[in-house]
Every structure is written in structure tokens, then in C-alpha cells.
Amino acid sequence: MMTHDEYLATRRFPALDGVRAVAAVLVVVFHYGGPNWERANGWIGVHLFFVLSGYLITTLALREEDRAGRVSLAEFYIRRAFRILPVYYVVIGVVVVFAYFRGLGLRHSGIVSALPWNVLFVGEYHQMALFGQAWTLGVEQKFYLVWPLLAFGLGALGFVKRLSLAVGLVAIMLALIPFMPYAGAYSPILIGCTLAIVLHHRKGFAALRVFTHPVTGLVVAAALIAVQTQFGEIAGFLHDEGGSITGTGYILLVALLVPSLVAGGGPLAWVLSRRPMRFVGERSYSLYLMQGVVALALAGAIPQFAPHRTLTAVAVTVAGLLAADLLYRWVEVPMIDVGRRIIARRRAKKVAPAAEVTEPALARV
């Protein structure tokens, strides 16, 4: 099993790219696979994305804090902006242009009225045709804005305080579900944050170390699949109207699966780390955003893809990946590199004044 030192030394978690691939395909199958895939409950794929987002963002911040003594919020927001915004706005442009030339009627379809909401990342309150799945980006953007400020921007917090903050926010979001739309969407992200905090702490890691074992990972994965495929039955048995209890249990299982995938041993981590899975995972963001446009374009070009069924889901996934690959190569990667260069220039400017002070001092010696 992985040790805490090995965990802290691990810089890349390839199996998590595979989880992203599974999440993206689940969402596509949910939207376009038809009744034969109802049992898969593909809508739950967004929760996989949420848990990974919270876990990875918080892990990177904790490691930066250890390395540099503090987390640069400016650099965090630059990285997030150049990772999320460029391809998001490009796809919004594609949706508007496609809808116009497809003759959908920008006003009649509601695209005009929904556009400002989606541009400002509050699309969960006014979803846009061909882009309705982007409500999740609205949730994530608000998380990116608030969580780093609370967890890292108010001074150094100890393990107990930071863990209490994360757990307390999970409880608040769950309690707000009956009163505030989409409040429950924040709980999986915050559970991912909680996992990152626990694993980063030596004693916390020791408490969860058993979950780094490949066999434990397989057991958790089996339980996860059982809950996913039997979600309705479990919710009914628990009298869980709305599925918030069952959904939270599922999210906790996702969190407990992550340590075995991060450790990298065993058949499950091996499969999820394979090149095809990583290929899809790296392009999952663009695939997720493009699915609506791709589905309508396919249905218009080939009428056999209009009904929602397995063949349609496969076609949307394949065509969506082709479009996503172009966006990944031409928009995502170049813009991420721009963000990195901006951060490098900021760091160089900070180093320069220090050098100016040091050199005269050395000359006097």
C-alpha cells in the first residue's frame, strides 16, 4: 500500500483522467442513449466531475502551501481562468452561430434570453438550448471563486480548522437543498475538498490508507456500481424522496475510491490509466460542452441519429470527441500555456527587485 511520503511525492494521477472519461461518457449516454440506458443513471456522471474538481484543486493548493508557505490566489485564478473560460466562450459562440444557421431562431429558442446568464456563469438559473449541461460550470465557477478565499486566503489554517470548514460547508449545502436550487451540487465538490485535506495530513492519510489498496478499491468500485445501477430502488427503500441521501452515499463512495486510483496499483487503476482512457479524459471538458451541438448536427445530417438510443449515444460520443480534440489542441492547451506564461512573468517581476537589492549589497562586501 502507498505511504504518505509516496503520496505527497506523486505529481500525476493518470487514473483520474480515466474517471473523467467515464463521467463524460455517462453524461452523453444519459442524454442520448434512450430508455435502454436508464439503469445506468448517467446523470450521476456530473458528481464524478465535482468530486474530482474539489479533490484536485484542494490537493494542488495544499501542496503549494507546503512548498511556498502560502497559496497565491492571483496565480490560482489565472490558472482557472485560462483553463475554463476560453473554450467555454468558444463553445458558446459555436452554439449561437450553429443555431442561427440551423434556423432555430435565436429568440424563439430562448438562446438570446439565456445568453447573458450563461456568459456570466449563472446558467443553472436560465439554461440555454444546446448548452443546458453548462449549469455545472456555473456551480464550479462559484466554487472556484469562494473556496480558495475561505480555505487559503484568510491566513494559514491548521488541519482541524480546515477540515471543520469543509465538513461544515458540506452540512450547510445539504441542509439548504429544500430551500436553494442547486445547493446540493456543491456538496460533492466539498466532499472532494474534504478528501484532499484528510489525505494531505499524515494522520488523516493513515486513517484512510486501507483505501489505497487495490483490493479495497475493487470492493468500493463494486459498491459504487451497485448504487449507481440500483439508485432508484435504494432511494425508494430508504424513502429518500429526491435521492439526496442516496446521492450523498454515492458521492462518499466516489471519494473513497479515489485513494486506490491515486495509488495507481491494481487492475482498476491500470485500466483507467490506459492511453485511450486518458485521451478521452483529457478532452472530457470540451466533449461535455459540445455534446448538444454535435447531437443536433448529427440528427440533421443523418436522420437515423435523431432518436435517442445506443447508436445515437455512440455516434455523439465519437463525433463529440473529434470536435473536442480540435478544441483541446487549438484552444485548451494553447490557452493553458498562455496562463502559465503570465504566471512565469509575474514571478520573474517579483524576483527582479530582490536581485536589485542583493547585487549592490554584494558589491559593497
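The values are calculated or read from the model by the stated rules, or taken from the named source; none is laboratory data. Just so we're clear, the structure is a prediction, and the values are computed from it rather than from any experiment. With ideal geometry, Cβ positions are generated from the backbone for all residues, glycine too; neighbour counts draw on all protein chains shown. To get the accessible areas, we keep the full protein, side chains included, count just its heavy atoms, and leave off ligands, DNA and RNA. Shrake-Rupley method; radii C 1.70, N 1.55, O 1.52, S 1.80 Å.
List of remarks:
- Cβ pairs under 8 Å, 6+ apart, first in region 328-351 and in contact (Cβ under 8 Å) with a residue 40 or more places away in the chain, second exposed (fewer than 12 other Cβ atoms within 10 Å of the Cβ) and in a helix (DSSP H, G or I): 346/74
- Selection status of residue 135, under 19 Å from the mean Cα position of the chain (by Cα), buried (at least 21 other Cβ atoms within 10 Å of the Cβ) and over 19 Å from residue 170 (Cα atoms): yes
- Residues of region 169-214 satisfying the condition of being among the aliphatic types (A, V, I, L, M), open to solvent by less than 50 Å² (accessible area, probe 1.4 Å) and closer than 24 Å to residue 5 by Cα: 191, 195, 196, 197, 198, 199, 208
- Test: residue in region 53-69 that is outside any helix (DSSP H, G or I) and within 22 Å of the chain's Cα centre (by Cα): no
- Yes/no for residue 99 being open to solvent by less than 60 Å² (accessible area, probe 1.4 Å), closer than 30 Å to residue 350 by Cα and not in a loop (DSSP other than H, G, I, E, B): no
- Residue within region 286-297 that is surrounded by 19 or more Cβ atoms within 10 Å (Cβ to Cβ), out of contact with any Phe, Trp or Tyr (no Cβ under 6 Å at 6 or more places or on another chain) and closer than 25 Å to residue 210 by Cα present: no
- Flag if residue 43 is in contact with a Ser or Thr (Cβ under 8 Å, 6 or more places away or on another chain), within 25 Å of residue 323 (Cα to Cα) and either open to solvent by less than 50 Å² (accessible area, probe 1.4 Å) or part of a helix (DSSP H, G or I) (or both): no
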